[in-house]
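S.K.: One structure, as structure tokens, below. Some questions next.
The values are calculated or read from the model by the stated rules, or taken from the named source; none is laboratory data. In this text the structure is predicted, and so the values were computed from the model without any measurement. Please note: Cβ atoms are built from the backbone with ideal geometry, for glycine as well, and neighbour counts cover all protein chains shown. Keep in mind that these areas ignore ligands, DNA and RNA; they rest on the heavy atoms of the full protein, side chains included. Shrake-Rupley method; radii C 1.70, N 1.55, O 1.52, S 1.80 Å.
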Amino acid sequence: DAGVSYKDVGACVCTYNYAAPTAGQAALYDLGMTGIPIFNSNNNCSSGSTGVFLGRSLLLSGQYDVVLCVGFEEMDGGLSEPFAEKASPTARQFDHMHDKLCIQKEKVADRMNDFTSGIVKLFAEAGTEYCKRHGVGEEIFAEIAAKNRLHGQTNENAMLASKKPPPTAEQIAASPRLFGCLTAGMAAPTGDGAAAVVLVSERWVRENGSEAKAVELLGQAIVSDTEETFSNSIAALAGASQAASAAQKAYAQAGIRPADIGVVELHDCFSPNELLMYEALQLTAPGTAADFWRERTMVKNAHGTSFVRQGPHGVVVNPSGGLESKGHPIGATGLGQAAELISQLRGTAGWRQLEPKPQIAVQHNYGFNGGAVVTVWGAPMARPRRMTPLELEANKKYAAGWGNTGEFSMAFAPGAATLKGALPKDLRGTFFRNGPGVMEVFGTPLVHPIDGDGLVGALTFHGDGRASFLSRFVDTETHKAEQEAKKMLFSGQMGSRAPTKDLNFRDPSHTNVFSWGGRLLTCHEYTYPHELDPKTLRTLGRTDLSGAIKKTKSLCAHFRIDRHLDRLITVSFRASRPSLGGPGRPSQLHICEFDRSWQLQHDVYHEIPGYNYCHDFAATPSFYVVHQTPFVKVSLEAAQAIMLGKELPGEQMRLHKELPCGIILIPRHSGAPPVRVDLPEPCHVFHFGHCVERDG
């Protein structure tokens with residue numbers, strides 16, 4: 001899968017709990033004996049993710065470019081401590097549970113050993129504690145377990161996968177009771193298993209051209225017991241506080257917000273722990289885990305596989321079915337979680353593939369007395385993603401490759417792993433770039449990237465060998481309103497329909513960004529530009545350029561610079577407006593020329609019959625050059641179709657053979673009327689490369 005052989009591996013980390021020392025060597029020697037270092041580690045149920053943490057640390061040390069992490073386990077009928085004659089490493093935790101938290105010492109059942117029995121009681125009591133504190137009915141645990149069993153139905157590696165219908169919450173609640181609120185159907189089954197992940201350095205990815213498939217480990221933290229673990233909270237002893245701390249650290253490393261998370265694989269050894277993790281992983285606010293669970297919808301992918309999306313952002317938790325479906329071979333569990341998320345982020349999860357493909361994934365793995373490990377994974381960023389089969393079917397008119405990204409910042413300093421080579425010390429300045437940054441809005445897919453909100457990137461060279469990057473969304477009024485409402489409110493002009501009846505269109509301000517006279521502006525079509533702070537990219541608001549474009553109330557996406565006069569040339573366009581009672585308002589082209597101090601040096605309006613669309617233009621010393629397209633027709637019928645929601649403007653772009661097609665030359669300074677040069681074949685010009693004038 002990774003495109004490496006065992007000979008390419010520089011080091012291995014093996015994780016297991018119930019095998020003799022150096023079992024990792026025994027497991028790997030059949031692949032070859034290459035003399036590489038092999039590290040064996042156990043950390044109870046978090047062993048697999050601990051292995052990834054160690055492997056990542058080896059890469060970050062710079063000594064290795066390829067590290068293999070392998071986890072395996074053959075269970076002996078549940079959790080146990082095999083060295084009964086020695087002091088128990090978990091005695092501190094169990095003593096606190098019995099003596100301070102007053103949880104009974106008696107075994108849950110004769111068939112269970114003391115260790116397994118104690119763990120069952122711990123998570124059952126943690127669930128009951130939460131329900132009592134927040135007024136939640138304990139039936140929620142059966143509902144969560146039923147969701148995981150539903151997800152696990154199509155997982156070929158899950159112990160409890162079945163072609164039969166998954167058990168219902170009622171059936172799970174009626175299964176044999178283990179202790180307190182817990183029944184057998186809410187617990188992960190004991191099972192054997194193995195999993196492996198190959199970790200590689202960024203340098204290796206670049207040198208081997210693997211950007212298209214390399215999922216990025218964006219952040220990771222492991223937190224062992226703290227004083228809070230031994231407080232009066234049963235949930236804290238069960239790892240909730242450790243998970244919360246690890247999540248905070250991992251998210252900070254990755255530079256993500258909880259709202260960015262699309263999919264989660266968490267440690268549902270018992271379903272009450274999943275409820276606790278909703279809050280610990282910041283998927284919802286403290287005390288609102290039950291609300292997060294209740295705010296759920298059932299969706300299907302192109303294969304017809306059902307998934308449950310939860311919360312306002314539609315995150316999917318445990319698409320693999322979780323430990324409750326897969327089983328829990330404790331040395332391999334964390335690596336199995338990682339394998340599931342890697343396939344989801346690549347879009348290769350088959351029957352279980354989430355759609356649209358997630359961009360950010362979070363993994364949570366917990367081991368009693370071992371620690372909580374939270375890992376943030378990011379989708380391959382080499383090139384825009386291709387739409388999934390479901391999206392292609394829904395959006396086959398616009399089967400373009402595109403994807404979601406988010407705001408982030410990073411620095412490049414000499415010697416950093418992210419910087420290859422050296423930057424010239426005299427290179428100073430900022431390169432700005434603008435473009436659509438999303439292909440879905442809070443779970444609602446966009447059918448065309450042009451409907452996505454603008455994300456401005458700034459790559460700055462500091463003149464001392466350092467560089468930095470910053471990106472921020474243009475905070476237009478429509479973007480701001482949707483972020484506050486946490487749902488899509490406005491339709492896009494290219495066909496993306498919002499699940500509301502608001503007739504206002506999105507204002508993405510994503511098509512261009514330019515710096516002139518100390519001001520940084522972003523543009524779209526038929527709307528005011530937005531001004532940004534050049535250093536922070538914070539949106540300062542709309543601008544009418546000191547009243548220059550107040551009449552047309554817009555600035556087209558593209559501009560030109562006259563190097564001879566040192567002027568910025570902009571075009572604004574106001575489409576014609578048909579009327580029942582007469583000819584209506586004609587279309588109007590407004591051209592402005594500004595000097596470096598933003599003083600208006602030239603200002604001209606033109607009404608051109610049949611001219612219905614302006615996106616780009618060219619300029620020569622004597623002329624402005626625009627294209628008259630036959631692909632846009634303004635009519636009363638077209639306007640009514642838009643007002644009634646039957647069509648959006650972009651959906652009306654089609655060839656109208658009766659309309660003229662030509663190049664229009666508008667004299668810049670003579671005041672003479674425009675001249676149209678008809679073209680022999682109809683075409684639509686989105687952009688002009690360059691225009692050269694000879695002999696006037």
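S.K.: Considering only segment 135-145, state which residues are aliphatic (A, V, I, L, M) and either assigned to a helix (DSSP H, G or I) or touching a Cys at 6+ places or on another chain (Cβ under 7 Å) (or both).
M.R.: I140, A142, I144, A145
S.K.: For segment 585-600, does any single residue satisfy the condition of being open to solvent by 70 Å² or more (accessible area, probe 1.4 Å), within 30 Å of E407 (Cβ to Cβ) and not polar (S, T, N, Q)?
M.R.: no
S.K.: What are the residue pairs meeting all of these: first residue in segment 74-97, first residue under 14 Å from T229 (Cβ atoms) and at pLDDT 90 or above, second residue β-branched (V, I, T) and not in a loop (DSSP other than H, G, I, E, B), Cβ atoms under 8 Å, and 6 or more apart or on different chains?
M.R.: Q93/T229; M97/I234
S.K.: Suppose we keep only residues that are assigned to a helix (DSSP H, G or I) and touching a residue at least 12 places away in the same chain (Cβ under 8 Å) within segment 342-370. Which one would you say is most open to solvent (accessible area, probe 1.4 Å)?
M.R.: We begin by selecting, within segment 342-370, every residue assigned to a helix (DSSP H, G or I); these are 342-346, 350-352.
This time we only want the ones that are touching a residue at least 12 places away in the same chain (Cβ under 8 Å), so: 342, 344-346, 350-352.
Working: I342: 28, Q344: 0, L345: 0, R346: 65, G350: 34, W351: 148, R352: 21 Å².
Out of the qualifying residues, it is W351.
S.K.: Kindly indicate which of A109, A158 is more than 21 Å from I234 (Cα to Cα), in contact (Cβ under 8 Å) with a residue 40 or more places away in the chain and buried (at least 17 other Cβ atoms within 10 Å of the Cβ).
M.R.: A158
S.K.: Is it the case that H669 is exposed (fewer than 10 other Cβ atoms within 10 Å of the Cβ) and either of a type in the set (S, T, Y) or within 18 Å of V571 (Cα to Cα) (or both)? Break it down stepwise before answering.
M.R.: On the way: exposed (fewer than 10 other Cβ atoms within 10 Å of the Cβ): no; either of a type in the set (S, T, Y) or within 18 Å of V571 (Cα to Cα) (or both): yes.
It is false that H669 is exposed (fewer than 10 other Cβ atoms within 10 Å of the Cβ) and either of a type in the set (S, T, Y) or within 18 Å of V571 (Cα to Cα) (or both).
S.K.: So, one more: Return the residues of segment 297-341 that are closer than 19 Å to L281 by Cβ, under 19 Å from the mean Cα position of the chain (by Cα) and not in a loop (DSSP other than H, G, I, E, B); say none if nothing qualifies.
M.R.: Of everything in segment 297-341, those that are closer than 19 Å to L281 by Cβ, under 19 Å from the mean Cα position of the chain (by Cα) and not in a loop (DSSP other than H, G, I, E, B) turn out to be F307, V308, R309, Q310, V315, V316, V317, Q337, A338, E340, L341.
S.K.: Does T288 satisfy being β-branched (V, I, T), surrounded by fewer than 24 Cβ atoms within 10 Å (Cβ to Cβ) and within 17 Å of E143 (Cα to Cα)? Explain how you work it out, then say what you get.
M.R.: Numbers: β-branched (V, I, T): yes; surrounded by fewer than 24 Cβ atoms within 10 Å (Cβ to Cβ): yes; within 17 Å of E143 (Cα to Cα): yes.
So T288 fits the description; yes.
S.K.: Considering segment 657-689 alone, what residues qualify as being in a loop (DSSP other than H, G, I, E, B) and closer than 11 Å to V626 by Cβ?
M.R.: Once the filter is applied, which keeps residues that are in a loop (DSSP other than H, G, I, E, B) and closer than 11 Å to V626 by Cβ, segment 657-689 yields P674, V685, F688.
S.K.: What residue, among those in segment 622-644 that are out of contact with any strand residue (DSSP E or B) (no Cβ under 8 Å at 6 or more places or on another chain) and in a loop (DSSP other than H, G, I, E, B), is surrounded by the most Cβ atoms within 10 Å (Cβ to Cβ)?
M.R.: T629
S.K.: If you take the residues of segment 61-73 that are farther than 17 Å from C14 by Cα and in contact (Cβ under 8 Å) with a residue 12 or more places away in the chain, which of them is most open to solvent (accessible area, probe 1.4 Å)?
M.R.: Restricting attention to segment 61-73, the residues satisfying the condition of being farther than 17 Å from C14 by Cα are 61-63, 65.
If we keep only those that are in contact (Cβ under 8 Å) with a residue 12 or more places away in the chain as well, we get 62-63, 65.
Numbers: G62: 52, Q63: 131, D65: 49 Å².
Of everything passing the filter in segment 61-73, Q63 is most open to solvent (accessible area, probe 1.4 Å).
S.K.: For segment 134-155, give me the residue count where each residue is touching a residue at least 40 places away in the same chain (Cβ under 8 Å), charged (D, E, K, R) and under 17 Å from L276 (Cα atoms). Walk me through how you get there before you give the answer.
M.R.: Keep residues of segment 134-155 that are touching a residue at least 40 places away in the same chain (Cβ under 8 Å), which gives 134, 136, 138, 140-145, 147-155.
Restricting the remaining residues to those that are charged (D, E, K, R) gives 138, 143, 147, 149.
Keeping just the survivors that are under 17 Å from L276 (Cα atoms) gives 138, 143, 147.
So the answer is 3.
S.K.: For the list (1) touching a Pro at 6+ places or on another chain (Cβ under 6 Å); (2) closer than 30 Å to L60 by Cα; (3) surrounded by fewer than 24 Cβ atoms within 10 Å (Cβ to Cβ), I need the number of the one condition that P258 fails.
M.R.: Only one criterion in (1) touching a Pro at 6+ places or on another chain (Cβ under 6 Å); (2) closer than 30 Å to L60 by Cα; (3) surrounded by fewer than 24 Cβ atoms within 10 Å (Cβ to Cβ) is unmet by P258, namely (1).
S.K.: Look through segment 537-560, keep the residues that are on the phi < 0 side of the Ramachandran plot and without any contact (Cβ under 8 Å) to a residue 12 or more places away in the chain, and return whichever of them is most open to solvent (accessible area, probe 1.4 Å).
M.R.: Filtering first and then ranking leaves K550.
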